[in-house]
Every structure is written in C-alpha cells, then in structure tokens.
1. Would you mind pulling out the separation of the Cα centroids of segment B:225-239 and segment B:205-221, in Å?
2. How many partner chain Cβ atoms sit within 10 Å of a residue's Cβ in peptide B:264-273, on average, as a whole number?
3. Mind counting lysine pairs for me in the protein assembly as shown? Cα separation below 27 Å, and the two need to be 8 or more apart along the chain or on different chains.
4. Give me D for segment B:270-415 in µm² s⁻¹, whole number, from Stokes-Einstein with Rh from the Kirkwood sum over alpha-carbon pairs, 4 °C and 1.567 mPa s.
5. Taking the Cβ of residue B:392 as the centre, find all other residues whose Cβ is under 13 Å away and add up their charges (Lys, Arg: +1; Asp, Glu: -1).
6. Using the Kirkwood radius over Cα pairs, work out the Stokes-Einstein diffusion coefficient for segment B:99-193 at 25 °C and 0.890 mPa s, in µm²/s as a whole number.
7. Could you check the spin-label model distance between residue B:253 and residue B:358? Points 7 Å from the Cα along Cα→Cβ, value in nm.
8. Of B:66, B:111, how do they rank once you tally other Cβ atoms within 10 Å and put the fewest first?
Amino acid sequence: MTAVLPISHRIALIAGLAVLAVPQAYAADAPSPARQIELVRMVRQDCGSCHGMRLTGGLGPALTREALADKPLESLAATIFAGRPGTPMPGWRAMLSENEALWIAQHLMRGFPEESGPTPKASR
Amino acid sequence: MTEPIANRRRALKGLGALAGSGAAALAGCAASPAAPTSSAAPVNVGTGDLGLVIERARGAVAVVNTSSPRVLGEVIGLGDLSHASVVFSRDGLYGYVFGRDGGLTRVNLLTRAIEQRVMQAGNSIGGAISADGTLVAAQNYTPGGVKVFDAGTLELLADIPAVIDAGGPGARLSRVVGLVDLPGRRFAFSLFDGNAIWIADCSNARRPVIARYNDIGRQPYDALVTPNGRHYIAGLFGEDGLAMLDLWEQPPRVRRILAGYGRGEQPLPVYKMPHLRGWAVAGSHAYLPAIGRHEVLVVDTHTWAEVARIPVAGQPVFVMARPDGRQVWVNFAVPDYHRVQVIDTPTQKVVSTLEPGKAVLHMEFTPRGESVWISCRDDNRVEVVDTHSLRSIARLALDAPSGIFFTARAARMGF
C-alpha cells in the first residue's frame, strides 16, 4: 500500500510513526551505526559544500537547529530525498534511502552530530 | 593571535629546516610575527615555489614547497575553512585566506604567522586582489555584497551591498558569486539572487563607482575572466547557457553563449556546484563545465560558438587547463569524485582517467605545469602527479585537504 503513495506522504507516514507513537519502530529502521558514521560525514563534508561544514549556510541555507526550528520534519526529509525544484538543492535519492533522509532530517533538527574520528578540532 | 605552543614549535622546526641553520635566531620571528627584525628574517629564500593548502576541517593552512614537494609547516586558527580560498600579494609573500565564516586572514608564507585577521562578514565565499596589489575584495553571501580592503592593513575601504530591487517593495541583498579582478582597479562579480553582473571601479577605493548589468540570465553561480581580461563569463544555474560580457566593447553588453546546451533534456542532479574560477582557456578554445550534464563544453573564443562537447565521468567541478594549454584536467562532484580525467586539447578527447584518491576536491598546477597537486580529502593527503607521465611522484599527508593555491597566482589575472 505504501508503495503507491507519493514520496512525501511516505516520509510523512514514517515521520509520524517515529515521532508520535512508536520510537522502537523507528529505531528498528534507523541506519546501522556504521552507516550513521557515513551519513554524518556525508552531511558535514558533501552537504557542507553548499551548506557549510558547520552547517551555517552558504549557497544553501543554514541547517542549524535554530535555523530549522520551525520547519516540518517531513518536508525536510522530502527535500533531502527528492530535492527542491527551482533551487540548486538536488535530490539525494541515488545515495540515500528514505529512512536515511529522515534520519538526517531528525538529527539536523536536534543539532547535527560532529564527525568523530581522526580529524582533530581546530584550535581557536 | 596568541599561537599555541605546538604551532610555534612546528613553525620553529620548519623555519630551521628552511634556513638550514640558526633556528634559535629565528625564534623571535615566530613568537612575535608582527615585528620581525631584519636579522631574524629568513635570508635568500623566495616564495615563487611556495603555496598554501587548506586543511578545511582543522581551520588550518599548510605552507608547501613545490620544488621538492613537501609541507614546510602550518598556520592554525583560521576559523571555518569550508570553501576557503586564497589570493596572493604581488610579491608572493602574503596569502589572503577567505574563510566561510567571514574571516579574512593575511598569512606570511615565510614566517608562517598570521599578520592580520578580520571578521568581515557572516558568510563568505572568496575574494580577489587588484592588479596593482593594493586592494583585496571579499565576496559575501551574508550580508550579500562585496567589501574592499586595504591589502596592507585590511582596513575596510568600501562596502558594496548587493541590493536587489533598490527602493522597491522587494528590496533585499543578493548572495554574491564570481568575483574577479579586472584591469583598471576594477572588480566584477555576479548576483546569484539578482540575475545581474556588477562592475565596481575602485579607482577611488573609498568611493567605488558601480556599473550594473541586469537580466543576464537566471541564477549565475560562478564566473571567470579570460586571461586577457576581456571577457567576463558567468555560468547560469537557472538556465542552459552562460552570460558573457565583452569588456572591450564600449559600452559593454551582455550576450548569451552556449544557449540551450542541455537541449531541453532533464538535467542530472548537481551534487556540487561547478567552479569557473581558474579559467580553462587553452589556445583559442575555452573549456567549461556543463551543469546537470556529464560533459565539458568547448567554445571558440573568437566566435563564442560551441565547437565540441566532451563526455566525462561525472558532473565536472573544476575544468582547468595546464598552463601551456596542452591538457585540461577535470574533477567531479560526489559520487564520482574519486576520479580525475585528462583531456588532450588537440584531439579534444579524454586520454586518461586517474584515481588519485578519495574525494578529490581541487587541483593546482605548478607554475609551468610539469606537475599537478590533487587534494584527496577522504584520504587525508595531497597527491602530486607528473603531467607528462601521469605518474604520481609524491604524496603529502595533510588533514582533509581542499583548496590548493600556489603563489604563481599572484601574477595571473582572475586568480
């Protein structure tokens, strides 16, 4: 049944499940820990080429928690997955599943994690 | 401005290696960079074979030597360097580093010290230096516009807000892209949100005179100026084609080139915006990245008609001519950014596909092009490739390297 729904509805459905009722169901669909590390790197580095490595914006808008405070989760996830026509924002469906797009949107709204790993923080 | 001890140690070590001996005498130079004494300054060392490599994640730049490929040292504390770029003073002693966070930093390549640093905007995308070396200009997204600084002091001389629909109900600032230096103490730039090209005449830098060219096409995303300073070309994201201004015409007018190169086909997703700066003009042809197509477009620089399109391995990001014009090197947007392709210009064919490392972000030729340095972000290294044999000749460990900038840029218009 879900297969025939438009992408935005499907994402809304998943989002609703995750946020409202069944966090366990979302957790079951969450990307694996290894994939989460890849996704964090992808957002920081590749999305960062337009949105800034610190997600403070560039050609694309800021994606900080504050900047996204009034944005609906499902629309963020749909934008990540399918892009936004008329703007330079491409759909990332060739590199992400819908679940992964949703996971990214959720974590952006909470304040996106920093990359862990070998790269040390710059001294300020 | 206080440097952490570790950095000072590195600087000292580097200086010692650079000068061969007398590291102790140089200590004062590294510790108080603002007032080097003549006896402490490195002697008999030029900067013509030096450069800066951005280590984007660490907010640092590495000072490198291209004659014997190696890292001489590092300057830290430059803020958010995602999408950072550098221009050089005429004497090749200073690099001006433009950071994403609006930081503009003047770095001395020999002492490897920060000489000045200002936070000039909230969100910045790069800059340019005037032909006479006296003015540095920064292009900004937030607040949208251009700021002009005294190259010697970084004193703000002029603020040029990129106002769209001035005085109208929709008055707002546009994000600025494609800033280049032009002859005659001028800077040209494009307004992504304003579909315009502006030229600021900074003969009197405190009172720039702006010429505005409107309706050039939708969403200019970057631009270049040809090596002779005659043609300013802005790539358009919002439509198929590029906008070109012939600056030798009186008055200049905007015309469209390569209109409809996409032939109405559905564009492929553009995961990273191409960069036009660092023009690829080779002989009488210019090589330009297509938007949303895995092609390099070739245009005749006399007629500005398309003469060829070359299929390549992904969405081109940088399309750069080796200084002699015999080769054009191309790198790509994610997910094809492990590849670099080499186009042979006489035959206009891809003659080699290299895989120098993961996440290739930038390439820079040595001044006469015998080698090219390629930043491989996800492998944390820069690969140095001989452009004749196409073999790797050196490998430098650097943290998430992105832009590579050699001092030879100081002598080239539009760099």
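Any read-out appearing in this document is the output of simple, stated calculations on the displayed coordinates, not a laboratory observation. Because the structure is predicted, anything quoted here is derived from the model rather than measured. Here the Cβ is made from the backbone with ideal geometry for all residues, glycine too, and neighbour counts use every protein chain on show.
1. 13 Å
2. Other-chain Cβ atoms within 10 Å of each residue's Cβ, averaged: 4.
3. Total qualifying Lys-Lys pairs in the protein assembly as shown comes to 8.
4. Result for D is 86 µm²/s.
5. Values: positive: B:381, B:391, B:395; negative: B:355, B:379, B:383, B:386.
Local charge sum for residue B:392: -1.
6. Once the numbers are plugged in, D ends up at 178 µm²/s.
7. So the label points at residue B:253 and residue B:358 sit 5.3 nm apart.
8. In increasing order of surrounding Cβ atoms, one gets B:66, B:111.
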